[in-house]
Amino acid sequence: MTTILNPQAMQKVLTHSKEYERAIGLLNKRWDPDEQPIFRNVLQSADVQFARQLQIAGLIKGKVDLSSYQEVNQLMMQHDSWFSESARKTLLSPFLD
């Protein structure tokens, strides 16, 4: 099922904003938390939520399906250092009762 993005989210897509680039990095499994020399740039809850919105809207398929528990679990096992604690909770939240 696809849904329509709200105007603010669509503007982020059209302008390739920082939020969009972070979401694309997550979906395409191209993220380097150590890219910044001063601090670890880990993915946050908002990045996961936006990436999920992009997939639901059918705009970006990506290399990982965030609606699949198996793929999310595999992503977290392979790239645990990419995510903040809140991002991990957001990734798993659809699969919890």
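Read the figures in this text as sums done on the coordinates, not as results from a lab. This structure is a prediction, so every number in the text was calculated from the model and none was measured. When we count neighbours, we look across all protein chains shown, and the Cβ atoms used for this are built from the backbone with ideal geometry, even at glycine.
The gain in end-to-end length when the residue 80 to residue 8 segment is fully stretched comes to 23.0 nm, 0.36 nm per residue minus the alpha carbon separation.
Rg over Rh for the chain works out to 0.95, using Cα positions for both radii and the Kirkwood form for Rh.
If you run the Gaussian network model on the chain, springs between alpha carbon atoms under 10 Å, then out of 71, 85, 35 the most flexible one is 35. Modelled label positions at residue 46 and residue 15, each set 7 Å beyond Cα in the direction of Cβ, lie 1.3 nm from each other. A straight Cα-to-Cα reach below 17 Å connects residue 18 with the lysines 29, residues fewer than 8 places away in its own chain not being considered.
Within the same chain, aspartates and glutamates fewer than 8 places from residue 63 are excluded, and of the rest, those with a Cα less than 20 Å from its Cα are 19, 21, 32, 47, 71, 80. A DSSP coil position with no more than 14 other Cβ atoms inside 10 Å describes the following trypsin sites (Lys or Arg not before Pro) in the range 39-79: 40, 61, 63. Loop-resident chymotrypsin sites (Phe, Trp or Tyr not before Pro) (DSSP state other than H, G, I, E or B) in the chain with no more than 16 further Cβ atoms inside 10 Å of their Cβ: 39.
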